[in-house]
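Participant: Sharing a structure with you now.
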Amino acid sequence: MIKKVIWIVLDSVGMGNAPDAEAFGDTGANTIAHTAKACGGLQLYNLRRLGYGNIDGMQGIDAVESPIGAYGRLQELSKGKDTTIGHWEMIGIDTEVPFPTYPQGFPDTIMKEFLEKTGCKGYLGNCVASGTEIIKQLGEEHIRTGYPIIYTSADSVFQIAACEAVIPPEQLYNICKAARKLLQGEHNVARVIARPFVVENGQYIRTANRRDFSRQPSKENLLSYMKDAGLQVAAVGKIEDIFDGVGITQAVHTKDNMDGMDRTLQYMEQIQEGLIFTNLVEFDSKWGHRRDALGYGKGLEAFDLRLEEVLCHMTDEELLVITADHGCDPTFRGTDHTRECVPVLWYSPSGQFRHGKNLHTGSTFADIGQTIADLFQVKTLSIGTSRKEELFS
């Protein structure tokens, strides 16, 4: 039976049609369909043969006659549309009350305490902004004063940007850790994010030294259950940060999607039994929020080519899961996430695996976590439906 699960989250690659999209102001958003249209079509051979185009409601991707994978889509149960809420739900945590957001910036009491706790002499910004734009606007003043740039978005985030030559990454991480400690109670934001950048030829460029400092999830979740059962839980990319290390047995951070695929393949060789949990963040951070539909499409095609390597390395005792955590339609208004259903693909070379199975629409992202819990016979999650019996005969 299955001894290893490779779980890849294509960060923000939603497929529209969330039944409650109107409540989030996202009616009409469809990340995959609109990206495909903007690019004049997408070459996604491996995703398609797994059944990507066969998913109920999928637009912009052609179906195949005999998919080798099982396929479906999932609706989000939790009250939010960001990375933390989406990933937490996948492993069995229902966020019933949205995390706090700050459309007017953070209150003076918080910012005063921030200066006291971090030792910073001042700060810039404290507003809702695009990360790439605010460093252009305030980068020069930041370099002159040494003050960190504070900003947020529609998500529950406290972001701190700094030039690496002014505030080195390790110092910035310490500032973020101090901010994380003070942002508790009613101000317990989902993530404090370090956003280092450099200046090259007059351009302000964010580096791969980003770090996320998340609020800690409940330990009643799939990752903790697997770790407690003596199984490996290897985190690739920002997975370790999303869960604040809870339930993780080993982790590696990555500089981009291709590095993430390299590390995933390495773990496939190293991990004998357990979970490899990968987040590929560039779809969201580099192309979705920046509304770069062409870049988004090229990123999907690049992933699809690397997917061939994963499929070729798989054994009968391995199961592949590919999904997303929310949408970020690069053609939609604004620069924020979009409330969408997410695709889910399952595949194993095992002779017991039911190739071509249509799983239709699940009512929560936790269907994935519940299925994995069932496969490894660990504690049952509080939400989600196991699809094990539908996936394996």
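Participant: Order the peptides 96-104, 7-15 from the highest to the lowest mean number of other Cβ atoms within 10 Å of their residues.
Facilitator: Listed from highest to lowest mean packing, they are 7-15, 96-104.
Participant: Something else: With r defined as the distance between the Cβ atoms of residue 379 and residue 97 and R0 fixed at 35 Å, what FRET efficiency is calculated, to the nearest 0.05?
Facilitator: 0.90
Participant: Assigning unit charges at the beta carbon (Lys, Arg +1; Asp, Glu -1) and nothing else, what dipole magnitude in debye, to the nearest 20, does the chain show about its Cα centre?
Facilitator: So the dipole magnitude of the chain works out to roughly 580 debye.
Participant: Using the beta-carbon distance between residue 171 and residue 389 and R0 = 51 Å, what value does 1/(1 + (r/R0)^6) give for FRET efficiency, to the nearest 0.05?
Facilitator: Calculated transfer efficiency: 0.45.
Participant: With a ≥ b ≥ c the root eigenvalues of the C-alpha gyration tensor of segment 226-267, is it rounded (a/c under 1.5), prolate (a/b larger than b/c) or oblate?
Facilitator: Oblate, because a/c is 1.5 or more while a/b does not exceed b/c.
Participant: Something else about it: Averaged per residue, what accessible surface does segment 165-239 expose to a 1.4 Å probe, in Å²?
Facilitator: Accessible area per residue, segment 165-239: 44 Å².
Participant: How large, in Å, is segment 64-200 by the Kirkwood hydrodynamic radius built from its alpha-carbon pairs?
Facilitator: About 16.5 Å for segment 64-200.
Participant: Among 131-139, 292-300, how do they line up from the highest to the lowest mean number of other beta-carbon atoms within 10 Å?
Facilitator: Result, highest mean first: 292-300, 131-139.
Participant: From the protein chains alone at 1.4 Å, what is the descending order of accessible area for 199, 192, 281, largest first?
Facilitator: 199, 281, 192
Participant: Can I ask one more? For the residue pair residue 27 and residue 59, what label-to-label distance in nm results when each label sits 7 Å from Cα along the Cα-to-beta-carbon direction?
Facilitator: 1.4
Participant: Here is a follow-up. Treating segment 231-313 as a set of equal point scatterers at the Cα positions, no solvent, please give the Debye-formula log₁₀ I(q)/I(0) at q = 0.11 Å⁻¹.
Facilitator: For the requested q values the scattering log ratios are -0.31.
Participant: In addition: Mind listing P(r) for segment 62-102? All alpha-carbon pairs, 5 Å bins, whole percents.
Facilitator: Cα pair-distance distribution for segment 62-102, in percent: 5, 18, 25, 13, 9, 10, 11, 5, 3, 1.
Participant: Label-point separation (nm) for residue 201 and residue 313, each offset 7 Å from Cα along Cα-to-Cβ?
Facilitator: The answer from the label model is 3.4 nm.
Participant: Moving on to the next point. Indicate the gyration tensor shape class of segment 196-339 (rounded, prolate or oblate), computed on the Cα atoms with a ≥ b ≥ c the square roots of the eigenvalues: a/c under 1.5 is rounded; otherwise a/b larger than b/c is prolate and the rest oblate.
Facilitator: prolate
Participant: Mind ranking 258, 58, 111 by accessible surface for me, highest first, 1.4 Å probe?
Facilitator: 258, 58, 111
Participant: Tell me the carbon and sulfur percent of the accessible area for the chain, rounded to whole percent, probe radius 1.4 Å.
Facilitator: 45
Participant: If 361, 338 are ordered by their accessible area, calculated over protein heavy atoms with a 1.4 Å probe, which sequence runs from highest to lowest?
Facilitator: 361, 338
Participant: Of 57, 349, 331, which is farthest along the charge dipole of the chain in the positive direction, counting Lys and Arg as +1 and Asp and Glu as -1 at C-beta?
Facilitator: Farthest along the dipole direction, towards plus: 331.
Participant: A further question follows. Please give the length that would be gained between residue 144 and residue 188 if that part of the chain were fully extended, namely 0.36 nm times their separation in residues minus their C-alpha to C-alpha distance (nm, one decimal).
Facilitator: Stretched out fully, the residue 144 to residue 188 stretch lengthens by 12.7 nm.
Participant: As an exercise, use a Förster radius of 30 Å and the Cβ-Cβ distance of residue 1 and residue 258 to find the FRET efficiency, rounded to the nearest 0.05.
Facilitator: The computed FRET efficiency comes out at 0.40.
Participant: Would you pull out the residues with amide H under 5 Å of residue 211's amide H, same chain only if 5 or more places away, H placed 1.01 Å from N?
Facilitator: Counting only residues 5 or more places away or on other chains, the set is 194.
Participant: Further question: Rounded to the nearest 500, what is the 222 nm mean residue ellipticity of the chain from helices alone, with -39500 (n - 2.57) per DSSP H run of 4+ residues and division by all residues?
Facilitator: -9500 deg cm²/dmol
Participant: Taking each pair of distinct Cα atoms in segment 130-268 once, what is the resulting Kirkwood hydrodynamic radius in Å?
Facilitator: 16.4
Participant: How large is the dipole of segment 107-218 about the Cα centre if only Lys and Arg carry +1 and Asp and Glu carry -1, each at its Cβ, rounded to the nearest 20 debye?
Facilitator: Its charge dipole is roughly 280 debye.
Participant: For segment 75-150, just the Cα atoms, rotate onto the principal axes and tell me the three extents in Å, largest first.
Facilitator: Cα spread of segment 75-150 along its principal axes, largest to smallest: 47, 27, 21 Å.
Participant: Considering only Cα-Cα distances, which of the following residue pairs are longer than 19 Å: 4/81; 81/181; 3/388; 136/177; 3/238?
Facilitator: In this structure, 4/81; 81/181; 136/177; 3/238 exceed 19 Å between Cα atoms.
Participant: Just to verify a number: what accessible area does residue 112 come out at with the full protein assembly present, 1.4 Å probe, Å² rounded to tens?
Facilitator: Per-residue accessible area (residue 112): approximately 130 Å².
Participant: Among DSSP beta bridges whose residues both lie in the chain, state the antiparallel percentage, nearest 5.
Facilitator: 35
Participant: Sticking with this one: Would you mind computing, in nm to one decimal, how far apart the modelled labels at residue 363 and residue 20 are, each placed 7 Å from Cα along Cα→Cβ?
Facilitator: Placing both labels 7 Å beyond Cα along the Cβ direction yields 1.3 nm.
Participant: Further question: Taking the Cα centre of the chain as the origin and placing charges on Cβ (Lys, Arg +1; Asp, Glu -1), which of 377, 361, 83 is farthest toward the positive end of the dipole?
Facilitator: Projecting each Cα onto the dipole axis, the largest value belongs to 83.
The values are calculated or read from the model by the stated rules, or taken from the named source; none is laboratory data. Note that the coordinates shown come from a computational prediction; the quantities given were computed from them, not determined experimentally. Note that we place each Cβ from the backbone using ideal geometry, even for glycine, and neighbour counts take in every protein chain shown. For the accessible areas, the whole protein counts, side chains as well, though only heavy atoms, and no ligand, DNA or RNA atoms are used. Shrake-Rupley method; radii C 1.70, N 1.55, O 1.52, S 1.80 Å.
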